[in-house]
């Protein structure tokens, strides 16, 4: 099946959503994203890591090295309170936008 | 808050860059490991799993690069890395680096130096309160409206009391006086320049003294005149900066005076030489004086424009012409902002200088662009490789740009150092004699800012162009091809650069050539006296002992009687000096020779019909001693010169120069004719000699009419304005060898005759005459140096282009040689391009010069702005130098060994 491009500006929202459930490392986020999107989205590490680094730098995420479930060292990201607020804002905005787009598409 | 957070994170990132890089490495590694582990679990072999994981990651380095650039503050980090990388690149190409830095340093240094002068003279605000509100009120004859003549006392009071446009009006006049710090020292020593001012003058400028006060009581001229305000310089030099100087008793020209104030450093009014100020003396009796000695300055009332004030002055000038027809008929008034009065003389030469250095910088930048382009094409492989490894084009452009900025920074530092050295050399030449406000020339913050801005602007200029050409290239062909055969896309750009350089350099060189031509002609324009081994110095007799005031005359002038001792003492000094061993002859004159005539007087021939234009041109008047012409080496054409027997008791005589003789008695023998000179109490005189013409200054092209009288025959009864000149005698001593060692014995010879008078103003006439040209020479040296830099840079540019072309075509030339191309064919191949570019440049340069040298008009002397000889000489020289610059690398092309050239790959 053909993969979709991650819509502009939604990667941060999806990362924050995934991390809201539990802290996760980069590989885990990319896997989780594939699973949750029913394999429609495959995010390239070349896009994922820059987003993670920028979110961390903005104080939305906090990173620490931990040992993973299968005994590997990995860098885990978790949401900070600022990250939670950002998630709520972005989700609310996304809901409105998608509702608006759907209304247009169905109403026309 | 968010900003702070980001800033902290940027700082952390930069501070712990190595750790962060390591972290990123580890993270990507763990990503690959986990991806590989998943693959292995699905049954892939470990090696294949790793490969797939790597593909999934999409390359470690590009990913890392994307993470780095995504971070905030990434550009700082990137820039820093680019700078380090640039430094490494420059160290690997030292010849390139040094050439670029030297080129830039010359361009930036020249601009900084020129701007430091322009800044001090033209840009720096005058040290007055709201200087743009201050105007000078000049009087000018209606046929010469730009003339800057002063006001009579009546005119001054009319402007002060009747105008509505001005808040304050004041006036000043120049004087010379000796200042004695010790009140017992009646003689006072060497006179210094000062100004007499009216009490309303200080508020015009709105500057307060650093110590004491200005004059306030000019309404009582009797006491104001005895008060003295010191310049900061005089206070430092003669009073040791004494803070208790206020109230101190000193002597001004032998008269007691009290110091009442000290002006701030750098304060001056139109004349930077001014060392002191005294209050003007005037009274009803002097009101009618016709002399235009006063310079009037005024401060415009708030809200009044120049035009309104000028309109008011036009009306006033009309009224004055009716009220005082004797002094004001045919005279207008024109207002000039004080800034213009300061700068009108210097503005053109200085702006020209700044324009020249701007062109020098353009040439320098063109050279650097050429060098960078050449270098960029040799680095094509490097760039292609970096693009293949994931660098974006923007990234490469930024890197090239960082290198340019690095070069500009080093060039800027070296340029400022050069400017500093140049400025020291320039200031050592004492430019204060010809440049107003030149004492303020420094490399201050303003000038340094200018240097940085110029460097930044040029780095943008030469940094962007090569980056742009690089960024257009696609990687693959560049990696494949290492050395090309022709077909370099930016070669045309370089060619255009070289042509423009040649053109601009030619314009500059022609301008410099015209100026050099002028100064050569000027220095050949000898004044007509022989200055070798001729020494001049001055002796001044004290006013009090030699002059008796006799009241005032009808015109309001002070009148006085000179003591007969004046002439006696002066002639005794002359005799005593003649007896000094080594002295050939001695003469004395009230007016120093080879200087502009100090006194202009009208002369008429008795019994001769007045020529129509006679009396319109004033005639230079020189009271001189016996042996004057012999000492100066001026030929006596007819008759005799003055002797000791010409005294007040004998026949009153005069000598005229050839120009005056021709004018008064065309085609006739002047000897024995009688003339009257319009000088106070001067009797009719008999002409006893005609002398050869002498120029007053070396800039004077035509000879002026001169009349000479024996100083011993000057009438004893005289008027106020003449007292100081009459008591100051310039002695001229002709010696058989260098007169310098004789100064000691000359000094003691004078003091044997008149003990209290020191000699001063000692000058070698040769130096004094050279001094007149000095300002010109200094300016020309500066301009010539800049033009020479432009020429050298251009030659380097031409050389670089051709050498680079030869370098690129080594292989091609080798093949041609191997196939039997003749020497001349190869030379033609290599030289053709350079030759065409130089020819275009020269043609454009000559055309441009014809168009622009007109702006030199006022600066040239005896040379037309389109002087064909200068044009031809300069063009041929530059062409020769440029062709030579082509020929040297072309010779190298001939030496190319075909076998070696083909093995280069």
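What fraction of the Cα pairs in the range B:760-905, stated in percent, has a spacing above 19 angstrom? Each step should come with its number before you reach the end.
Numbers: 6931 of 10585 pairs.
Tail of P(r) above 19 Å: 65 percent of Cα pairs.
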Worksheet item: When Cβ neighbours within 10 Å are restricted to other protein chains, what is their mean count per residue of peptide B:354-362?
Response: 0
Item to complete: Note the angle between two axes, namely the Cα long axis of helix B:306-323 and the longest principal axis of the Cα atoms of chain B, as a number of degrees from 0 to 90, rounded to the nearest 10.
Response: 20
Discussion item. Sort B:449, B:172 by Cβ crowding within 10 Å, fewest neighbours at the top.
Written reply: B:449, B:172
Discussion item. Report, to one decimal in Å, the Kirkwood hydrodynamic radius for the range B:143-329 based on all distinct Cα pairs.
Written reply: 17.6
Response to the item:
Across all Cα atoms of the protein assembly as shown, Rg and the largest Cα-Cα distance (Dmax), in Å, are 42.0, 139
Worksheet item: Is it possible to state the helix-based mean residue ellipticity at 222 nm for the protein assembly as shown, with each DSSP H run of 4+ residues giving -39500 (n - 2.57), the sum divided by total residues, to the nearest 500 deg cm²/dmol? What is it?
Response: -17500 deg cm²/dmol
Item to complete: Between residue B:47 and residue B:774, with labels modelled 7 Å along Cα→Cβ, what's the label distance in nm to one decimal, could you check?
Response: 8.9
Discussion item. On the principal axes of its Cα set, how long, how wide and how thick is the range B:618-737? Give whole Å, largest value first.
Written reply: 40, 35, 29
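For peptide B:48-56, how many partner chain Cβ atoms fall within 10 Å of a residue's Cβ, on average? Show your work: numbers first, answer last.
Values: counts 0, 0, 0, 0, 0, 1, 0, 0, 5.
Mean number of neighbouring Cβ atoms from other chains: 1.
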Fill in: For residues of B:33-42, the mean tally of beta carbons on other chains within 10 Å
3
Fill in: Percentage of interatomic Cα-Cα distances in chain B larger than 55 Å
35
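Give me A:60, B:644 ranked fewest to most by other Cβ atoms within 10 Å of their Cβ, as a rough exposure proxy.
B:644, A:60
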Response to the item:
residue B:123 and residue B:578 label points (each 7 Å along its Cα→Cβ direction) are spaced in nm at 6.0
Worksheet entry | Using a Förster distance of 41 Å, the FRET efficiency for residue B:413-residue B:851 (Cβ separation, nearest 0.05) | 0.65
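What do you get when you divide the Cα radius of gyration of the range B:46-113 by 2.2 N^0.38 Å, with N the number of residues? Working shown, then result.
On the way: Rg = 20.9 Å, N = 68, 2.2 N^0.38 = 10.9 Å.
So the Cα radius of gyration is 1.91 times the expected 2.2 N^0.38 Å.
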Worksheet item: How big, on average over all directions, is the shadow cast by the Cα convex hull of the range B:543-755, in nm²?
Response: 13.1
Discussion item. Can you give the log10 of the normalised intensity I(q)/I(0) at q = 0.14, 0.20 Å⁻¹, computed with Debye over equal Cα scatterers of the range B:322-369?
Written reply: -0.61, -0.78
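Using Cβ contacts closer than 10 Å as the measure, can you line up B:523, B:30 from fewest to most? Can you show the working numbers first?
On the way: B:523 15, B:30 19.
Taking fewest neighbouring Cβ atoms as first place, the list is B:523, B:30.
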Worksheet item: Out of the DSSP beta bridges found with both residues in the protein assembly as shown, what percent are antiparallel (nearest 5)?
Response: 80
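Any idea what % of Cα-Cα pairs in the range B:2-72 are farther than 21 Å?
On the way: 998 of 2485 pairs.
Counting every Cα pair in the range B:2-72, those more than 21 Å apart make up 40 percent.
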Worksheet item: Along the Cα-to-C-beta direction of residue A:44, a point sits 7 Å from the Cα; which residues of the range B:43-57 have their amide N less than 20 Å from that point?
Response: B:51-57
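Taking the alpha carbon gyration tensor of the range A:11-107, what are the square roots of 5 times its eigenvalues, largest first, to the nearest whole Å? Don't skip to the end; give the middle numbers.
Working: eigenvalues 143, 53, 23 Å².
After scaling each eigenvalue by five and taking roots: 27, 16, 11 Å.
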Worksheet item: For the range B:723-803, what are the per-bin percents of Cα-Cα distances with bins 10 Å wide, up to the bin holding the maximum?
Response: 13, 26, 20, 13, 12, 9, 5, 1
Worksheet, complete the sentence: The FRET efficiency for residue B:271 and residue B:568, from their Cβ-Cβ distance with R0 = 30 Å and rounded to 0.05, is 0.25
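Based on the Kirkwood radius over alpha-carbon pairs, what value in µm²/s does the Stokes-Einstein equation return for the translational diffusion coefficient of the range B:284-364 at 25 °C and 0.890 mPa s?
Numbers: Rh = 16.4 Å.
D = 150 µm²/s.
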Practice prompt. Rounded to the nearest 10 degrees, what's the angle between the helix B:153-162 long axis and the longest principal axis of chain B, both from Cα atoms, 0 to 90?
Written response: 60
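Any idea what the relative contact order of chain A is, in percent, if you count C-alpha pairs under 8 Å spaced at least 6 apart? Can you show the working numbers first?
Values: 108 pairs, mean separation 29.8, N = 108.
It rounds to 28 percent for chain A.
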Discussion item. To test your reading of the geometry: what angle, between 0 and 90 degrees and rounded to tens, separates the Cα axis of helix B:46-57 from the longest principal axis of chain B?
Written reply: 40
Practice prompt. Tell me the label-point distance for the pair residue B:736, residue A:98, using the 7 Å Cα-to-Cβ offset, in nm and rounded to one decimal.
Written response: 11.7
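Each value in this text was obtained by applying a stated rule to the coordinates, not by laboratory testing. Computed from a predicted model, the values in this text were never measured in an experiment. We place every Cβ from the backbone using ideal geometry, glycine too, and count neighbours over all the protein chains shown.
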